[in-house]
1. With the structure loaded, tell me whether A:L408 is touching a Leu at 6+ places or on another chain (Cβ under 6 Å), more than 30 Å from A:S192 (Cβ to Cβ), touching a residue at least 60 places away in the same chain (Cβ under 8 Å) and not β-branched (V, I, T) or whether it fails that test.
2. Keeping to the range B:351-379, report how many residues are buried (at least 21 other Cβ atoms within 10 Å of the Cβ), more than 8 Å from chain A (Cβ to nearest Cβ) and assigned to a helix (DSSP H, G or I).
3. Considering only residues that are within 14 Å of another protein chain (Cβ to nearest Cβ) and of a type in the set (D, E, K, R), look in the range A:243-285 and name the one that is least open to solvent (accessible area, probe 1.4 Å).
4. Checking the structure you have, find out if any residue of the range B:382-389 is in the same structural domain as B:H257 (by TED's automatic domain parsing) and open to solvent by 50 Å² or more (accessible area, probe 1.4 Å).
5. Can you pull out every residue in the range B:236-271 that is more than 14 Å from every other protein chain (Cβ to nearest Cβ) and in a strand (DSSP E or B)?
6. Read through the list (1) open to solvent by less than 20 Å² (accessible area, probe 1.4 Å); (2) touching a Leu at 6+ places or on another chain (Cβ under 7 Å); (3) within 10 Å of chain A (Cβ to nearest Cβ), then give the number of the only condition that B:V312 fails.
7. Tell me, yes or no, whether the range B:93-102 has at least one residue that is free of Cβ contacts under 8 Å to residues at least 24 places away in the same chain and under 26 Å from the mean Cα position of the chain (by Cα).
Amino acid sequence: MTVAAISGLSPLRHVLSNGANVIVQETAFSPAVTITAALHAGGLYEPDNLTGLAWFLGRVIDRGTAARSADAIAEALDDRGVTLRVSVNRHTMMVSCTCLAEDFEDLFALIGDVVRGPVFPPAEVEKRRAEIVTAIRQDQDNPAVRASEALQQLLYGADHPYGRPGKGTIETVERITRESLAAFHASRFAPSSLSLVVVGEVSQARAIDCASEVFDDWTAAEPADRAVPPIESAATRRQLFIPMPDKSQSDIAYGFVTISRLDPEYYAYWVMNNILGQFGLGGRLAENIRERQGMAYYAFSGFDPSIGPGPLVIRAGVDPRNVERAVGAIDVEVETLGTHGPADQELAETKQFLIGSIPRLLETNQSIAAFLQTSEFFGLGLDHDRRLPGLVEAVTMEQVARAAQALLRPDRAAVAIAGPPVEAA
Amino acid sequence: MAVSGITIPDRSTRVARLDNGLKVVVQEVHTAPLVSVWSWYRIGSGDERPGSTGVSHWVEHMNFKGTTNIPREQMKGIVERFGGTWNGYTWIDQTTFLETAARSALDQMLFIEAERMTNCLYDPDECESERTVIISELQGGENDPDQLLDTEVTATAFRAHPYRHPTIGWLEDLRAISRDELYAHYRRYYVPDNATLVVVGDVGADDVLRAVDRQFGRIPPGDPPPRRRPPEPAQIGERRVLIERGGTTAYLRFAWHAPSATDADFFPMLVLDAALTGAKGLNLWSSFRGAPPQRKARLYTALVEGGLASMVSGALVATAEPFLYGIALTATEGVALPSLEDAARAAIEDVRHDGLREDEVARAKRQLRARLVFESDSVTNIAHQIGYFETVVGPGFLDRVAASVEAVTPEQVADVARRRLARESCTVGWFRPLERRA
């Protein structure tokens, strides 16, 4: 047997008096600590007419608080060599950083301040707005982004939180005010929706003491939950072409709406996606499109389930003259796996790979923190890393074949292509 | 080892050289049940001649496509069965291949690398198929106007030195290079006396050295040609590039001739870059992937906080010979390139004239000290750093990095700013977007 022994994480959970969750994993690999603070404040919770509000909040939340000016925050970060990241997805907003262990208390207090008390100085709001508008303009010129965003729209509809672009549109971003940012922060940020994960060269006691000091006196009403709006499943093929005449290469985004991360069939879908477009250079897709046909530098699939049914997205970048051939090759691989399921050896190798890669995925403070935040968000338990090998091992050929058969139907695929138009040959 | 109060776990390193010239570096790191194996070759696009640009990178691609003892279709799966990942890259001074997997995969990983050194197949059909894959890689890069500008600025900044052409090669050369040229390049440079093998992870150094000797010991030495690159003549006047194409966003780039890693100016320049655009660190594999700490950096405060640019980045990379120091800017929507260039110039001229404040230099050094810790957070990253500096710069360099940063003085930083960021040795690139035709 070649699968590495799983030594396992040993995180400690501590719940503060106000309900905030703190999870600490001590490591001794490097004299550094990763701090992450996640809240239920993603795009799902935006008002439907202010798409991009969560994204905007993520850009300006760390630019001034009641206690610290934007400049004081900048100095605190830069003096310690630290980059503060704020990432926003459909459901969550996460503030995170990696710092030297000696700077842990300083950075934790700063993150606490940013999470609790942003004040949105008007000049900062305007500067960040201009940056977001520029970023949206850059996206409009990027065939990969254009194809991916168009696919999301085809799959979920332009008004669905899973279908809209995270940054919003120039029109919505122009309408977002300081007041709407403050109101969104007030409605979504509360101890009951806060999940803190600390990983690194820091003792559990030190981390929990610090978390208590920074967050214990925080009170805010529990944010209302919002269910993921229903998704109409399409029974037909949809295809969209976005002409971008000045580009050298066309980008293809081809996909389906899948299942929730909480669906019991999740692990079967995960294995199936690895076979289709991940294993090695990019699974069966890369084997066909890159290795056999030499058509693309990249061809792969990504599976991104969330609370609601997330997408499976196949991506490839090809010569504009090869778009039809590449889409045809994707159709063939999708159809073949859907109809016949995987081969025995493929399934065995993939399961072995996924199980064997767990120690590698849990090697760094940052990757452990991300794993623990995900486990926490979906309620998978703090022992999820230890149970994961068994969950993958238990996936059967029948389950994978069934998942493939249910999902991989070219006649139900959505396909978005962005690139230079080609005259009909 | 203790550097300015940071305790780095003591990791002993063993260095050996086989009779055939292969250098082997092993570092034991027992924090995870993993091992990372990297083979490094002292060959990159800076060793190529006009007409065969891109050959090193194409050879790298071909070295994943089957060997005498590993059929093409079995290359995939060997490392994966151990939960592993594999990859490779080519740049101006080096070509490298890696696997990171469970420690029990060590023998398989060494076997793959030994096969790669001597037994790759270069099947003619596979060479043809890869030609179009690489052209697709090139054209994908061209979709990004900023990358296109970078290529043009680099080609303009150099007149004679082969660092001027992109590592991926010029399209015309990629259409023309033959299977025999690829194979000849492979045979010339993929020899033990042109390579370094690095193994880092949960292994015993003695076991590794024995296993390496078993796998590589019988490979005969080659006769790698000495590196001969035409020197770059001094630049005596500003050069400019203007690209006008359909697009949405304007981009601005500056490039100056940079010190090589062994030049006395290198570390003062590294500190200068940290003060101008935020410290990245020195790990080409990982340090440039995220944003650096830069909110107090000179060009960030002047240009991004000043509302003229939405992004600024600087790049100084350790290279064997003088490459470029680049600064890249994305113009904020509505800002014209001349006003962005003027403001950037003014900020740079301030530093050239007055140097940096002591607190700016101190902050830049503190940032670099932290980044050196962050960029060594995995067996893969540690192995990369060992192999990179061994191959590109030479033995001993990596051990001296932290102390070299610490020793930089504000006077040295002011001096390199004055001498090295002069207008007459600068190349400026504009990407000006044109309204798309309907």
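1. Details: touching a Leu at 6+ places or on another chain (Cβ under 6 Å): yes; more than 30 Å from A:S192 (Cβ to Cβ): yes; touching a residue at least 60 places away in the same chain (Cβ under 8 Å): yes; not β-branched (V, I, T): yes.
So A:L408 passes the test.
2. 5
3. Ranking the qualifying residues of the range A:243-285, first place goes to A:D251.
4. Looking only at the range B:382-389, we keep the residues that are in the same structural domain as B:H257 (by TED's automatic domain parsing), and these are B:382-389.
Now narrow it down to the ones that are open to solvent by 50 Å² or more (accessible area, probe 1.4 Å): none.
Taking every residue of the range B:382-389 in turn, none turns out to be in the same structural domain as B:H257 (by TED's automatic domain parsing) and open to solvent by 50 Å² or more (accessible area, probe 1.4 Å).
5. We begin by selecting, within the range B:236-271, every residue more than 14 Å from every other protein chain (Cβ to nearest Cβ); these are B:236-242, B:253-269.
If the condition is that a residue be more than 14 Å from every other protein chain (Cβ to nearest Cβ) and in a strand (DSSP E or B), then B:R239, B:R240, B:V241, B:L242, B:R253, B:F254, B:A255, B:W256, B:H257 are the ones that fit.
6. (3)
7. First pass over the range B:93-102, keeping only residues free of Cβ contacts under 8 Å to residues at least 24 places away in the same chain: none.
No.
Residues checked against (1) more than 10 Å from chain A (Cβ to nearest Cβ); (2) free of Cβ contacts under 8 Å to residues at least 12 places away in the same chain; (3) surrounded by fewer than 20 Cβ atoms within 10 Å (Cβ to Cβ):
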site: B:Y122; (1), (2), (3): yes, no, yes
site: B:S129; (1), (2), (3): no, yes, yes
site: B:G141; (1), (2), (3): no, no, yes
site: B:L149; (1), (2), (3): yes, no, no
site: B:H161; (1), (2), (3): yes, no, yes
site: B:L171; (1), (2), (3): no, no, yes
site: B:R175; (1), (2), (3): yes, no, yes
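The values are calculated or read from the model by the stated rules, or taken from the named source; none is laboratory data. Here the structure is a predicted model, which is why all the values come from computation and not from measurement. Glycine gets a Cβ as well: all are built from the backbone with ideal geometry, and neighbour counts include every protein chain shown. Each accessible area value is taken on the protein alone, full model and side chains, heavy atoms only, with ligands, DNA and RNA left out. Shrake-Rupley method; radii C 1.70, N 1.55, O 1.52, S 1.80 Å.
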